[in-house]
Amino acid sequence: MSHGDRTRRPLSPDQQALVAQAVPLAEKLCHHFRRRTRAHYVADDLRSAALQALHEAALGYDPARGVPFPVYAWRRVDGALSDTLRQESKHWRAARQPPS
């Protein structure tokens with residue numbers, strides 16, 4: 001199931017606060033991915049994937065495990081951005097290949 005296919009559950013006020021505090025982290029990761037890959041044409045897709053990953057991270061976060069939310073969220077956002085670029089790369093390569 002892709003990120004866009006998941007049903008979005010509402011966040012509690014505490015979860016909303018976690019996401020709000022982590023948005024700069026997500027933006028920084030998006031910028032890093034765009035700069036590293038020069039994939040500026042997918043900037044909106046990357047930002048969308050990052051914010052969706054933050055939402056999902058807030059839903060799955062358990063502070064009792066002792067991992068700070070930014071660390072927990074960073075791994076999920078990084079993975080979502082990688083997945084987005086990997087998917088985009090497949091589409092881009094397929095469009096660039098000559099017809100068989």
Using DSSP to define loop residues, name the trypsin sites (Lys or Arg not before Pro) in the range 1-87 whose beta-carbon has at most 13 other beta-carbon atoms within 10 Å. R6, R8, R38
When the Karplus curve 6.51 cos²θ - 1.76 cosθ + 1.60 is applied with θ = phi - 60°, which whole-Hz ³J(HN,Hα) does each residue of the range 9-15 get, with x for Gly and Pro? 8, x, 9, 6, x, 5, 5
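A short reminder: the numbers here are calculations on the coordinates, not readings from a lab. On a predicted model such as this, the values are computed, not experimentally measured, just so you know. As a convention, Cβ positions derive from the backbone with ideal geometry for all residues, glycine included, and neighbour counts pool all protein chains shown.
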